[in-house]
Amino acid sequence: MDRTEPFRKFYAELIAANAGALRNQSLVAAFASTPREHFVGAGPWKVFTRSGYLTTPGDDPAFLYQDFAVALTENRQINNGQPLLHAACLSALQPKEGEAALHIGAGSGYYTALLAELVGPHGSVAAYENETDLAQRAKDNLAAGRT
């Protein structure tokens, strides 16, 4: 078992519970199976707060399994968004196996990967990212099958 698996599982249940979606087992499974660390780059990470960015005390991926936005590009203030917000939105949308989805503002591909998990192998997800460097990161991350 991957050392971060228990962190991801608890994080998935906590995020879904706080989004009012704990019964949505496909959403919980998508969050639990998608390693956030593969999409946000190497740590330590910059975590977005009301007072600016704080740096995690180390590069242990366990730090990532909390409900906060993580900087993808601190200087441009582009983040891997807050999980609770995305869980609530995905729960409301209820993407199903076999459906097609469009993700605008894909960043490094983390939530695109979650969408792909939700629509499954017979569904499809098209992702669009305006920032060239992030679009390339998303393309590389998703091509590597980092779910």
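The values are calculated or read from the model by the stated rules, or taken from the named source; none is laboratory data. Keep in mind that this is a model prediction, so the values were computed, not measured. Note that we place each Cβ from the backbone using ideal geometry, even for glycine, and neighbour counts take in every protein chain shown. The area values use the complete protein model at the heavy-atom level, side chains included, leaving out ligands, DNA and RNA. Shrake-Rupley method; radii C 1.70, N 1.55, O 1.52, S 1.80 Å.
Here are the numbers for the structure shown:
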item: Globularity index of region 44-83, i.e. its alpha-carbon radius of gyration over 2.2 N^0.38 Å; result: 1.04
item: Heavy atoms of Thr55 accessible to a 1.4 Å probe, total area in Å² rounded to 10; result: 80 Å²
item: Region 61-147: GluC sites (Glu not before Pro) in DSSP loop, at most 11 other beta carbons within 10 Å; result: Glu97
item: Hydrodynamic radius of region 99-142 per Kirkwood, over alpha carbon pairs, in Å; result: 10.1 Å
item: Within the chain, helix-based [θ] at 222 nm, where runs of 4 or more DSSP H residues each add -39,500 (n - 2.57), nearest 500; result: -12000 deg cm²/dmol
item: Within straight-line cross-link reach of Lys46, lysines at Cα separation under 21 Å, skipping those fewer than 8 residues along the same chain; result: none
item: With DNA, RNA and ligands ignored, accessible area of Asp59 (1.4 Å probe; Å², nearest 10); result: 100 Å²
item: Cα-based Kirkwood hydrodynamic radius, region 60-116, one decimal, Å; result: 12.6 Å
item: Contact order normalised by residue count of the chain, Cα under 8 Å, 6+ apart, percent; result: 22 percent
item: Relative counts (whole %) of C-alpha pair distances in the chain, using bins that are 5 Å wide; result: 2, 10, 20, 23, 23, 15, 6, 1, 0
item: Within the accessible area of the chain (1.4 Å probe), percent carbon and sulfur; result: 54 percent
